[in-house]
1. Anyone know which of B:ASN214, B:ASN274, B:ASN97 comes out most mobile in the 10 Å Cα GNM of chain B?
2. Label position 7 Å from Cα toward Cβ: report the copy-to-copy distances for B:GLU82 in nm, one decimal, ordered from shortest.
3. State, to one decimal in nm and shortest first, how far the label point of A:GLY58 sits from each corresponding label point in the other identical copies (label point: 7 angstrom along Cα-to-Cβ).
4. GNM on chain A, C-alpha springs below 10 Å: top fluctuator among A:VAL90, A:VAL239, A:VAL172?
5. About the Cα centre of the stretch B:3-174, how large is the charge dipole given +1 on each Lys and Arg Cβ and -1 on each Asp and Glu Cβ? Please answer in debye to the nearest 20.
6. Only helical DSSP H runs with n ≥ 4 go in: add -39500 (n - 2.57) per run for chain A, normalise by residue count and round the 222 nm mean residue ellipticity to 500 deg cm²/dmol.
7. Any idea what the dipole of the stretch B:65-107 comes to, in debye rounded to 20, about its Cα centre with Lys/Arg Cβ at +1 and Asp/Glu Cβ at -1?
8. Could you tell me the relative contact order of the stretch B:123-231? Use alpha-carbon pairs under 8 Å, at least six residues apart, and round to a whole percent.
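Every number here is computed from the coordinates shown, using simple stated rules; none is lab data. Everything numeric in this text was worked out from a predicted model, so none of it was measured. Every residue, glycine as well, gets a Cβ built from its backbone with ideal geometry; the counts of neighbours run over all protein chains shown.
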Number of protein chains: 2
Amino acid sequence: MHEIRRDPILGRWVIIATDRSNRPSDFAINREQPVGGVCPFCYGSESHTPPEVFAIRGATRADAPGWQVRVVPNKYPALRIEGDMGRRAVGIYDMMNAIGAHEVVIESPEHDAQMADMSAEQITRILDAYLQRMIDLTNDARFRYILIFKNQGADAGATLEHAHTQIIATPVVPKRVAEELEGAQRHFAQRERCVFCDIIQQELEARTRVVEENEAFVALEPFAARFPYETWILPRRHVARFERLQREDLRRLGNILRDTLRRIDTALEHPPFNYVLHTAPNQNGEADAYYHWHLEIMPKLTKIAGFEWGSGFYINPTSPEAAAEHLRSMEWR
Amino acid sequence: MHEIRRDPILGRWVIIATDRSNRPSDFAINREQPVGGVCPFCYGSESHTPPEVFAIRGATRADAPGWQVRVVPNKYPALRIEGDMGRRAVGIYDMMNAIGAHEVVIESPEHDAQMADMSAEQITRILDAYLQRMIDLTNDARFRYILIFKNQGADAGATLEHAHTQIIATPVVPKRVAEELEGAQRHFAQRERCVFCDIIQQELEARTRVVEENEAFVALEPFAARFPYETWILPRRHVARFERLQREDLRRLGNILRDTLRRIDTALEHPPFNYVLHTAPNQNGEADAYYHWHLEIMPKLTKIAGFEWGSGFYINPTSPEAAAEHLRSMEWR
């Protein structure tokens with residue numbers, strides 16, 4: 001059983017994988033491990049994964065070919081679904097059992113398909129899978145947060161080539177999420193307005209950092225971007241939770257995500273990237289007033305990790321205005 | 001002139017380098033750029049750097065060979081020393097001019113010397129250079145924080161091979177530092193004790209995470225380590241500020257840093273790493289009671305950056321207990 005430990009100074013939670021080896025050669029963290037040459041995410045390899053928990057497929061049986069998007073439990077999960085929380089203290093430290101869910105969204109049956117090359121329809125199916133799994137996982141009262149994130153490319157932390165997204169349901173609220181909530185709450189307390197709504201309004205007036213927009217969403221480079229070409233996609237309308245996404249907006253989200261990834265992929269020549277979905281925590285009804293869900297896309301272009309990790313101080317060599325202008329100028333259709 | 005911008009949600013500060021190019025090929029952030037094949041940090045290349053601001057050298061003239069450690073302004077600084085702060089608002093956003101200092105500590109005249117292979121005497125000289133520069137820079141009332149950090153190896157963000165440390169004096173307190181101060185202040189408010197002192201006491205009793213110790217310092221793996229083999233060096237005695245380091249302790253710090261780096265270097269086969277010195281901000285006398293300076297060493301073994309950046313949630317595949325045991329078992333003398 002892994003452990004979740006709390007840093008006594010910062011209140012940051014860390015999953016410590018206590019049953020893993022500590023040899024240096026093992027550090028390519030194998031959240032999903034390939035099965036000797038066979039890709040477990042391809043058509044026909046369905047038996048190499050645990051049984052699927054969700055799939056978008058034609059009239060075919062579960063755990064067989066015929067799917068377009070497939071969601072399975074991670075074979076080597078960071079958090080396990082069974083057991084009690086075991087919250088306890090060790091002297092001044094706090095810890096608990098690593099209870100949670102760890103799933104993988106297999107984004108396509110095609111081994112080499114990358115999201116930026118997929119159709120808006122396929123991306124919409126992937127987003128639908130996120131939505132269905134999030135709705136299901138929020139029903140488990142043990143989970144405080146559902147974290148949906150994608151690592152594309154080895155330099156962004158992907159350990160399997162086949163395009164996939166990870167879903168981790170955690171029994172604690174991740175620190176970055178808690179900080180965002182605090183910041184948004186502070187803004188709301190002073191002004192009775194959502195800080196993200198204020199950002200969207202100012203950006204749509206200035207237009208210097210807007211990359212892409214449609215009737216329901218805006219893609220923009222944030223004013224204080226940490227990384228070159230960091231791009232956020234936000235719903236225009238105030239809504240705190242991704243799981244409230246309406247059917248008609250799902251397709252609009254698929255469209256803007258596809259177009260934005262195409263622009264980034266073209267401008268930066270297929271960069272590795274991460275994206276993380278930011279949504280309000282479960283069991284926090286107050287956040288509905290002041291939080292605003294969004295997707296943060298972070299191309300991995302620079303190698304300045306350690307210093308920034310250590311200080312929380314970032315140096316971004318590309319202004320968001322220059323990045324937005326570059327992305328807007330892309331001809332990719 | 002670069003800009004310092006504040007994220008309106010998180011309050012995080014970012015230096016935006018507005019005069020740089022935005023082409024993808026430029027992303028190996030050149031904080032120090034090599035001069036066509038000649039290493040500007042070697043003996044005889046002193047004219048390739050701005051004039052030195054500090055050096056430990058024999059009876060030789062400034063900006064000539066004969067030094068053992070040399071500190072120069074960064075030729076391509078992220079922050080500039082001249083100018084006013086220009087604090088201003090742009091709608092809901094806050095920004096200021098990128099005023100500060102950006103210096104480089106050249107750790108040895110030898111091009112290939114790596115810190116883990118240096119003598120304790122040489123490492124003590126490097127630490128002495130940190131100390132002298134920190135004392136000098138804290139005298140400039142514009143600077144709120146002096147950030148001292150080292151990137152070793154390309155994967156840890158180093159852009160020049162020749163061993164060096166960077167010093168950045170900032171007009172704002174970095175977010176991670178502000179968070180540590182808040183956490184330490186909260187602990188102190190509840191218990192009238194320093195949280196770092198409590199950690200040291202508990203760790204010296206448990207001993208499972210202690211790596212190395214001497215009369216003045218302890219090196220340990222933190223309980224909630226984010227990264228495999230993350231190692232902190234802390235003074236046993238409560239002291240908030242690095243610049244208060246006593247002469248006799250400087251050498252003890254050199255000894256423990258040398259021994260700890262040797263253990264890490266041997267155990268992990270010369271890993272890239274970062275370290276960051278954590279000290280109390282200037283002009284914050286209150287912090288003397290509850291803060292405790294220390295050095296955080298982060299070997300760069302995993303590639304899980306983007307997700308962790310995005311969520312503040314970490315998965316560490318090596319328990320700190322296993323890492324400490326492995327480091328203690330090293331025979332390197």
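1. Of B:ASN214, B:ASN274, B:ASN97, the Gaussian network model singles out B:ASN214 as fluctuating most.
2. Spelled out, the distances from B:GLU82's label point are 7.1 nm.
3. Shortest to longest, the spacings are 8.3 nm.
4. Greatest mean-square fluctuation among the candidates belongs to A:VAL90.
5. Working: 18 positive and 22 negative charges, 131 e Å.
The dipole of the stretch B:3-174 has a size of about 640 debye.
6. Numbers: 7 runs with 88 residues, N = 333.
Calculated from helices alone, the mean residue ellipticity at 222 nm is -8500 deg cm²/dmol.
7. On the way: 5 positive and 5 negative charges, 16 e Å.
About 80 debye.
8. On the way: 84 pairs, mean separation 15.2, N = 109.
Dividing the mean separation by the residue count of the stretch B:123-231 yields 14 percent.
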